[in-house]
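Quick note: the coordinates plus some simple rules give every number you see, no bench work behind them. Everything numeric in this text was worked out from a predicted model, so none of it was measured. Glycine gets a Cβ as well: all are built from the backbone with ideal geometry, and neighbour counts include every protein chain shown.
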Amino acid sequence: MSKKQRILFLSIFAIVIGIIIAVVLVIQGMNSRNDEDSEKPGQGTENEQGTELTPTGKPIELTPTDKLAEPTPTKEPAEPSPTAEVIREPKYHVGDSVLFGRYEQDGNTENGSEDIEWIVLDVEGKNVLLVSRYALASMPFHSVAGETNWETSSIRAWLNGEFLGNAFSETERGYLVSSSIENKDYYLGVTAEGILKANNTGEGLEVVSVHTAGGAATVDQVFLLSVDEANNYFSSAEARSLRFTGAAREQFLRNCVEDAKAYGITDEKMILENVEKWEQEHGVGSCYWWLRNPGMNLSYCSIVDNDGVTYYSQNADNREGGIRPAMWVVFPEDE
């Protein structure tokens, strides 16, 4: 090889060696940068399962706020439920006072009739049992002397005829219930404790001294209470005691005078003075009131006396008894 050729070969060899060294240096520089990046805090790698790892290779614990919220399941629309029955609180309760109908009560006909006040005795569903707070009239149970009962009495005819027509409008009469009325027998006797008592069954009476047939059942819109009803619906004799309205008391006084005259007592002033003395003891306007059962016999009728007890009876044609109507009604819900 000539000298010129050797110089050319060495030059080429040197160039090749330089290129190789340059490539090696570039590769070393790239590896160095990768190592530095891997040592930076907060950056992890993923393992074969794809779980994020810390630089030490341990899984990172995610806090609750880091976790994705699970999607809320979409609720299916609720099935429409059948319309529930509305349970209404009863409007009327036992012991309530109710104004219903109108009747002359203050004795002054020029100012028209007054509202009738009733007491609620019982509530059965929509049916309300009422009894007048005051005696609205002074009349006999039956207009003529002799045997009678509720079915044949003149007071039944008056209550379901004249009184019904005068006291209530046509609309109000539509609220009244035609009620099946039991007319049970009358029993008067003594209990095992020695107490005189009247009832419609004879139960609880150790000795029965009076037993009178009550008569057939009837259908009425207005009626009088029975002995048992008067005993059961009122808590005491005091609660059963009754007063006339002003107009009924005037009627009572007139009846007292006429009855006394029928017995030959003609001094009207003396008659009224005796009635007033009696009222001073029992209260002005105090009265006994008729029940619908018979009394000691079919010419008598059971009563609640002035002191509120039910073990007495009175001649059915006596005109001084108080009339205390009772009835079942169904009032409109918006009434």
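In debye to the nearest 20, how big a dipole does the range 91-151 give about its Cα centre with +1 on each Lys and Arg Cβ and -1 on each Asp and Glu Cβ?
In debye, rounded to 20, the range 91-151 gives about 200.
So what's the range 151-217 giving for Cα Rg divided by 2.2 N^0.38 Å, two decimals?
1.60
How much of the DSSP beta bridge set in the range 97-329 is antiparallel, as a percent to the nearest 5?
Beta bridges within the range 97-329, antiparallel portion: roughly 95 percent.
Restricting attention to the range 142-204, which GluC sites (Glu not before Pro) occupy a DSSP loop and are surrounded by at most 10 other Cβ atoms within 10 Å?
Those that pass, being in a loop and sparsely packed, are Glu193, Glu203.
Does the range 226-333 come out rounded, prolate or oblate by the C-alpha gyration tensor, with a ≥ b ≥ c the root eigenvalues, rounded set by a/c under 1.5 and, if not, prolate when a/b is larger than b/c and oblate if not?
It is prolate, given that a/c is not under 1.5 and a/b is the larger ratio.
Calculate the dipole size of the range 97-329 relative to its Cα centre from +1 charges on Lys and Arg beta carbons and -1 charges on Asp and Glu beta carbons; express the result in debye to the nearest 20.
220 debye
What ranking of Thr245, Thr171 emerges when the number of other C-beta atoms within 10 Å of each C-beta is taken as an exposure proxy, fewest first?
Ranking Thr245, Thr171 by Cβ neighbours within 10 Å, fewest first, gives Thr171, Thr245.
Please name whichever of Gly112, Ser180, Met296 sits farthest to the positive end of the charge dipole of the range 97-329, dipole taken about the Cα centre and charges placed at Cβ: Lys and Arg +1, Asp and Glu -1.
After comparing all options, I get Ser180.
Which of the chymotrypsin sites (Phe, Trp or Tyr not before Pro) across the range 272-335 are loop residues per DSSP, with 15 or fewer other Cβ within 10 Å?
Nothing satisfies the criteria.
Arrange the following residues from fewest to most other Cβ atoms within 10 Å of their Cβ: Glu276, Glu250.
Fewest to most other Cβ atoms nearby, the residues stand as Glu276, Glu250.
Would you kindly give the portion of the calculated P(r) for the range 97-329 that falls above 22 Å, as a percent of all Cα pairs?
53 percent
Subtract the Cα-Cα distance of Glu281 and Ser178 from 0.36 nm times their separation in residues, and report this length gain in nm to one decimal.
33.1 nm
What ranking of Thr109, Thr212 emerges when the number of other C-beta atoms within 10 Å of each C-beta is taken as an exposure proxy, fewest first?
Thr109, Thr212
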